[in-house]
Structure formats: structure tokens, C-alpha cells
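First the structure, in the form of C-alpha cells, and then the observations on it.
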Amino acid sequence: MQRDTDHTDRTVVCHVRAPLLLEPIDEQIETLQACETEGAIDDLLLRSWPKEVSLSDESPHREVLENYERFRGWAADRGVSVRPPFRERETTSQVTGETRERLVTPLLCLEVYEGDDLIGVFPHTDERTEETYTTDEAIATLRTGAVPTPLEPVDDESAPDTDGGPDAPISDPCPDCGGELIDGQGLFACGDCGWVGRMTDSGRYVAEAAASEATAERQPSPQSR
């Protein structure tokens, strides 16, 4: 999968867990550096990130979270996924009992730009076919002077229906895992973790059991009728 070799201002941003030169990552970085030296890409930017970061507004790694959201947006436009390689998980403190959500980063992730346009995030996966476009494959294509083409183009007909009909994905994330919610005529479900719930009058999502309890509490008692 590749486009022709004519390009202007091709930039590759390589995000990798520190230390940068860690087997087998170092070989991939060396190949990317060779691509820059040989002119296959114009600029190579190396960025290190931790193994995992907190998924909260107070996280000291906001740039990592912003990158993650940008990658998810790029993937959503093409009907593919970056989970994996990214993974969300919960951790519970043995001292305080507090549960926190954390984002686990991949060993290596590439952003490929032509000018200011983000044209590829690697690796990514087509969940329908379970095919993954790996960083090894992307780097091998870049070495030839071409640019790797994502598994699915923008606005592919096979992408999820977004016309607002029944069972259409909505833009709000699942309150439990951050995954994609499906609107089943007022009953929302997450395809990633199985969460099911409703939206309150205030616009907040609550689990189905909690929503039923809240409705019951609002009902007038027989004595008040």
C-alpha cells in the first residue's frame, strides 16, 4: 500500500517509549533516520512518552492525551482503530482504594504528514477484517520513497453510519471506557465494554439501573395523588 514518490514537505513524527534505543525499536529508528538522510522524508521528529499516563484533566502528560485524541479522530474518519495499539485500563490504589483510568501507549507510533496534512497514523487496525498496518510495514514503504496508504480512505462507504438513524454512533464517549456509544432509540450502548444506559434531562449519561432508580424516585407516591 503506497502512493507515488512525488512529495512536498513530508514529515514523520516518531513517538516511542524511552529509552529511545531499545531493541527492537532502535532498528526502526535507524531506518527512519536513514530515510531522512536519503531524502525519502524531509523531517524526522523523535518524541518520547511514558509507558502509561493518567486519563484525567489533571494529568501532567496532556500532550500525550491530545495526541491520542487526534489519532482517534483520524482513525474514526477512516473506519479504523488505534485501540490497539493504545489501550485504556483501570488501576486501583491498594492504599486509598481509589480507582483511576490510565492510557497505555504503544512502544512506537508514527504520524506521517504531507505539508500540514496528517495522512497516516501507524499502527492502526481495520476492526472488520482484523488487519493491522504495522509500523514495520509503514517504515519499509517510507524507505522506498513512497508514503504508506492507510487501510481505509476518508469517508469510506464501509465506515459506520452517521446519518443519525437508529443504532448510529454518537459523538459522546462511553462514560466507563471512553469507547464509541451507539444510540438505540434512547438507550445507549458501548460496543467496547458493554456499558448500557440512558441520558438524563441534564445531558449526563447514567447506567440503565441508575436511570431506572432515578425515574422511580421522580414518580409521585400514591399518597400524594
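Phi-derived couplings, Karplus 6.51 cos²θ - 1.76 cosθ + 1.60 at θ = phi - 60°, listed residue by residue for region 38-48: 7, x, 5, 10, 7, 9, 10, 10, 9, 10, 9 Hz, with x used for Gly and Pro. Annotation: amide H of I119 within the under-5 Å range of V112, Y113, E114, sequence separation 5 or more or interchain, hydrogens built in the peptide plane. Taken along the Cα-to-beta-carbon direction at a fixed 7 Å, the label points for Q33 and T99 span 4.5 nm.
Mind listing the long-range amide H neighbours of E52? Cut-off is under 5 Å, sequence gap 5 or more, other chains count too, H placed in the peptide plane at 1.01 Å from N. Residues meeting the criterion, in which the H sits 1.01 Å from N, are T105. Sites listed here are trypsin sites (Lys or Arg not before Pro) in region 5-100 whose DSSP assignment is loop and whose Cβ has at most 13 other Cβ atoms within 10 Å: K51.
Across region 57-62, rounded Karplus estimates of 3J(HN,Hα) from the backbone phi angles (6.51 cos²θ - 1.76 cosθ + 1.60, θ = phi - 60°) give 5, 8, 4, x, 10, 4 Hz, Gly and Pro being marked x.
Looking at region 53-94, which GluC sites (Glu not before Pro) are DSSP coil and have at most 13 other C-beta atoms within 10 Å of their C-beta?
Here the sparse-neighbourhood loop sites are E58.
With a cut-off of 18 Å on the backbone N, the residues of region 34-54 near the modelled label site 7 Å out from L22 along Cα-Cβ are 46-54. Using a simple spin-label model with pseudo-atoms 7 Å out from Cα toward Cβ, T91 and E114 lie 4.0 nm apart. Between S59 and any residue 5 or more places off or on another chain, the built amide H atoms are never under 5 Å apart.
Here, each number is a calculation from the coordinates, and none is a lab measurement. Keep in mind that this is a model prediction, so the values were computed, not measured. Quick reminder, even Gly has a Cβ in these numbers, built from the backbone with ideal geometry, and neighbours come from all protein chains shown.
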